[in-house]
Amino acid sequence: MKKVGVAILGLGVVGSGTYKILTEHREFYKKTHNIDVTVENVLELRKERALELGINESAIASSMAEICSNPDVDIVIEVMGGVEPAKSFVLAALNAGKSVVTSNKELFCKYSHELEKAAKKNNCGLFYEASCVGGVPVIRALLDNLQGNKILSMMGIINGTTNYILTKMSDCGASYEEVLKEAQKLGYAEADPTADVEGYDAAYKLSILSSLSFHTKIPYTEIYREGITGVSALDISYGKKLGYTIKLLAIGKNGTNGIEVRVHPAFIKSEHPLASVSDSYNAVFVTGDSVQDVMLYGRGAGALPTGSAIVGDVIYCATHPNHSYSTFKNTEKADAATKFVTNFESAYYLRLAVKDKAGVLAKVSAILSKNGINVAQIIQPNEKIDGAVPLIIVTHLTRENSVNKAVADINANDSIAKVETVIRVVSD
Ligand code: HSE
């Protein structure tokens, strides 16, 4: 029986879940993998958290150095979150010859090049399944099972907080602010929700997933990012009438003109498999040239789902002594040969507030036409909002720059109309 000692850095939600899984399943892993996994150390400032979990006081380390010098620790599990001190601790563990399992998307997204360098130098493993989409095994799928493919695209709902908020707004017609407050009360949203609602969390994950998918470094700074704070119940309800569901989508495409990576709210057809991914659930829809479409669905956060991903990595690490690393040159910046498409192609939903008088539609159409935008649908709901009439336009596929130019042209002429909302529509 192989003995495997682990240390857990941080006993918050995920750290506690991981501890529970490891201790409750200890006998099971002995039988299934012939390994005896024990928690040798924890590092947690709030000692009472460790004691409540039944951890022996002697296992509570007083410093990272103590863990690094403990010969019984083989694998360090980092579930603290944030960049520092997590980064220094992970580097210290790797330099002490310990393999690392982390759930930290921000750290891995921003510094995987440094962490991987230290892991290689010390012949240690570096595992990060829990960094993206919690319990959904998307990293291992990309690293192993889908290697036979050229990944053409991926589209995912990879942030549970925003999916919960958009689902509730959609179900109840409530405003963003109302639902956010309720989500905070229920623990689905943080007191400071910025990372989730502004799309940073999804962008960190997309950076990791698209780098793996497209075999080149995609820094998160190359990702177009727009959060959900501007999404209104009114647009969600007009979208529904058009057969659309609103989602915060993370999209990566590898096309002939280059790589396109973006996170933004989007309307998708209500019959698309991603449209039925509700509440705090996550899903990733990957298209490979051979496998075609694959969809992975499940819990993207939470103590046991994320703990499941971490423990999976621990077992993988313990049973695969030869470590492997990125399939691409893992540098800080994108490779000079990587081209990014920013003027991407999409269909668009536009909601305008217009004056109810003759000729307005003709003027709006003329501007769209001048910018090469082909209209697929146009609806004028029979209602007034703040004295103006809403005009809903859905375009055929067009380019981001054309839409931006058309919106600026419409808004520049205040006698016509004002564009209140622009939402991209996923038409495939
Ligand atoms: N805050 C994330 C979410 C979970 O809402 O999905 C951890 O990344």
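The values are calculated or read from the model by the stated rules, or taken from the named source; none is laboratory data. The structure displayed is predicted, hence computed values, not measured ones. Positions of Cβ are generated from backbone atoms using ideal geometry, with glycine treated the same way; all protein chains shown enter the neighbour counts. Surface accessibility is based on the protein's heavy atoms, side chains included, excluding ligands, DNA and RNA. Shrake-Rupley method; radii C 1.70, N 1.55, O 1.52, S 1.80 Å.
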Checklist outcome for this item: Matching residues in the range 376-397 (surrounded by 20 or more Cβ atoms within 10 Å (Cβ to Cβ) and touching a Ser or Thr at 6+ places or on another chain (Cβ under 8 Å)) number 0
Next on the checklist: Residue under question is residue 66, and the condition is that it be assigned to a helix (DSSP H, G or I) and not hydrophobic (A, V, I, L, M, F, W, C); does it hold?
Outcome noted: yes
Checklist entry - What residue, of 394, 407, is modelled with pLDDT of 95 or more, of a type in the set (Val, Ile, Thr) and within 21 Å of residue 268 (Cα to Cα)? => result 394
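The rows are residues; the columns are (1) within 16 Å of the ligand (Cβ to nearest atom); (2) within 18 Å of the chain's Cα centre (by Cα).
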site	(1), (2)
161	yes, yes
166	yes, yes
173	no, no
211	no, yes
223	yes, yes
240	no, no
Next on the checklist: For the structure I just gave you, tell me whether residue 409 is in contact with a helix residue (DSSP H, G or I) (Cβ under 7 Å, 6 or more places away or on another chain) and either assigned to a loop (DSSP other than H, G, I, E, B) or surrounded by fewer than 19 Cβ atoms within 10 Å (Cβ to Cβ) (or both).
Outcome noted: yes
Item to check | Residues satisfying the stated conditions in the range 20-60, i.e. closer than 19 Å to residue 135 by Cβ, assigned to a helix (DSSP H, G or I) and open to solvent by less than 30 Å² (accessible area, probe 1.4 Å) | outcome: 21, 22, 29
Item to check | Candidates 99, 170, 103 - the one that is polar (S, T, N, Q) and surrounded by fewer than 22 Cβ atoms within 10 Å (Cβ to Cβ) | outcome: 170
Checklist entry - Which condition breaks for residue 151 when tested against (1) open to solvent by 30 Å² or more (accessible area, probe 1.4 Å); (2) more than 16 Å from the ligand (Cβ to nearest atom); (3) touching a Ser or Thr at 6+ places or on another chain (Cβ under 6 Å)? => result (1)
Item to check | Count of residues meeting criterion [within 16 Å of the ligand (Cβ to nearest atom) and assigned to a helix (DSSP H, G or I)] in the range 80-98 | outcome: 1
Checklist entry - If a residue has to be farther than 19 Å from residue 98 by Cα and surrounded by 24 or more Cβ atoms within 10 Å (Cβ to Cβ) to count, how many in the range 1-18 make the cut? => result 2
Item to check | Single condition residue 220 does not satisfy, out of (1) of a type in the set (Ser, Thr, Tyr); (2) surrounded by fewer than 21 Cβ atoms within 10 Å (Cβ to Cβ); (3) in contact with a Cys (Cβ under 7 Å, 6 or more places away or on another chain) | outcome: (2)
Checklist entry - Any residue at all in the range 99-116 that is in contact (Cβ under 8 Å) with a residue 24 or more places away in the chain, among the basic types (Lys, Arg) and more than 15 Å from the ligand (Cβ to nearest atom)? => result no
Item to check | Residue in the range 124-136 that is assigned to a helix (DSSP H, G or I), among the polar types (S, T, N, Q) and either touching a Phe, Trp or Tyr at 6+ places or on another chain (Cβ under 6 Å) or without any contact (Cβ under 8 Å) to a residue 40 or more places away in the chain (or both) present | outcome: yes
Checklist entry - When the range 283-306 is examined, which residues are found to be among the small types (Gly, Ala, Ser), more than 15 Å from the ligand (Cβ to nearest atom) and outside any strand (DSSP E or B)? => result 290
Checklist entry - So how many residues does the range 259-282 have that are in contact (Cβ under 8 Å) with a residue 60 or more places away in the chain, out of contact with any Gly (no Cβ under 7 Å at 6 or more places or on another chain) and not in a strand (DSSP E or B)? => result 5
Next on the checklist: Considering only the range 188-207, I want to know if a residue exists there that is closer than 21 Å to residue 427 by Cβ, without any contact (Cβ under 8 Å) to a residue 60 or more places away in the chain and either out of contact with any Ser or Thr (no Cβ under 6 Å at 6 or more places or on another chain) or not small (Gly, Ala, Ser) (or both).
Outcome noted: yes
Item to check | First in the range 370-389 and under 19 Å from residue 400 (Cα atoms), second anywhere and among the aromatic types (Phe, Trp, Tyr), Cβ under 9 Å, 6 or more apart | outcome: 373/348
Checklist entry - Looking at this structure, is residue 253 within 16 Å of the ligand (Cβ to nearest atom), in a strand (DSSP E or B) and among the basic types (Lys, Arg)? => result no
Checklist entry - Hey, does the range 180-200 have a residue that's of a type in the set (D, E, K, R), within 11 Å of the ligand (Cβ to nearest atom) and not in a loop (DSSP other than H, G, I, E, B)? => result yes
